[in-house]
Each structure stands twice: as C-alpha cells, then as structure tokens.
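Asks: Sharing a structure here in structure tokens format.
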Amino acid sequence: MALFCHSYGSVLCGLAAPNLPAGRVQDITVLGSPGMRADNVSDLHTSAHVWAARDATDWISDVPHLEFAGLGHGADPVSGSFGARVISAAGASGHPGYFAPDTASLANFAEIALGDYSAVTCHTGDTCRSGLR
C-alpha cells in the first residue's frame, strides 16, 4: 500500500505515520507539502519509504517550514536535512499540477505505487533510489 499526500494532507499523513500498520504501508509520498509535523523522517516513526516532491513554481515553498509552540507544520520535506527521497516533479505547474498527464511527478507516483523504484526519477541524480530494490 502507498499513501499519496498533497498539501495539508501531508500534515495528516505525518501525524498518522507512527500508527500505520507496520509492513502494510510501504510508501508515503508527500507533494506540495507545508510539512509533516516532524523535523526529519526518523521522527515519523514509520518503516515506510518517505518520498517528497515539489514543483519549482509551487507557492507552498513560500510558507515558513517550522513549528513553534504548536503552530506551523515542521521542517520542509524536500530539504536535505529532512531525509525524504526527493523525486522529480518536472512538468507539474504550481500547487495543483502534480497529477497532470505527462508530468514526471505523475509518472513517479505510478512507479512508487507499483513498487518499481528503479524507474523513479529523482530530483537530482539517483540519490532517491539508493538502498532500494
């Protein structure tokens, strides 16, 4: 099973991650995320692979990625320090464009859902696929 969490839905997926059935949810993919209420992937307390995508024109990148006194949604999932596997969103247009036909993001979501990690296009290089079969 794979979860695909867009925008505020990624906050909800982050909150749910520690309680997901171990071994049943293989992948959590966040797109256009304001944060997952976590500082990094290990704070999610899940065995699922965590993937993240953001289009360069998505306004969500302008939202402060922090949490203070219970306000905010935490670290930016596409930042290197968060530790998610960052995938390409090439061809997507803005915040709603991740599922548009002929985008790298939609193709990546299909490959993740199928478990064909070798076909996933990373944001840079092949770093998002390291350690996966």
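Asks: Mind listing whichever residues of the range 5-30 are surrounded by 14 or more Cβ atoms within 10 Å (Cβ to Cβ) and charged (D, E, K, R)?
Replies: Correct list: D27 only.
Asks: When the residues of the range 96-133 are filtered to those that are part of a helix (DSSP H, G or I) and among the β-branched types (V, I, T), which remaining residue is modelled with the highest pLDDT? Explain how you work it out, then say what you get.
Replies: Step one: filter the range 96-133 for residues part of a helix (DSSP H, G or I), giving 97-99, 104-114, 117-119, 127-129.
Subset that is among the β-branched types (V, I, T): 112, 127.
On the way: I112: 98, T127: 87.
Only one residue fits best here, namely I112.
Asks: Quick one: what pairs do we get from the range 1-13, first residue over 14 Å from V50 (Cβ atoms), second among the aromatic types (F, W, Y), C-beta under 9 Å, 6+ apart or different chains?
Replies: Note: pairs meeting the criteria are H6/Y98; H6/F99.
Asks: Moving on to the next point. Just the residues that are more than 20 Å from F109 (Cα to Cα), at pLDDT below 95 and not polar (S, T, N, Q), please, taken from the range 40-65.
Replies: W59, D62, V63, P64, H65
Asks: Kindly indicate whether any position in the range 37-57 is touching a Pro at 6+ places or on another chain (Cβ under 7 Å), of a type in the set (S, T, N, Q) and surrounded by 15 or more Cβ atoms within 10 Å (Cβ to Cβ).
Replies: Within the range 37-57 (the criterion being touching a Pro at 6+ places or on another chain (Cβ under 7 Å), of a type in the set (S, T, N, Q) and surrounded by 15 or more Cβ atoms within 10 Å (Cβ to Cβ)), the answer is yes, since at least one residue qualifies.
Asks: Which of (1) surrounded by 15 or more Cβ atoms within 10 Å (Cβ to Cβ); (2) within 14 Å of the chain's Cα centre (by Cα); (3) more than 21 Å from G115 (Cβ to Cβ) does G97 not meet, given it meets every other one?
Replies: (2)
Asks: Could you tell me whether A2 is within 22 Å of D126 (Cα to Cα) and either of a type in the set (D, E) or buried (at least 21 other Cβ atoms within 10 Å of the Cβ) (or both)?
Replies: no
The values are calculated or read from the model by the stated rules, or taken from the named source; none is laboratory data. Please read all numbers here as calculations on a predicted model, not as lab measurements. In this analysis, Cβ positions are derived from the backbone assuming ideal geometry, glycine residues included, and neighbour counts consider all displayed protein chains.
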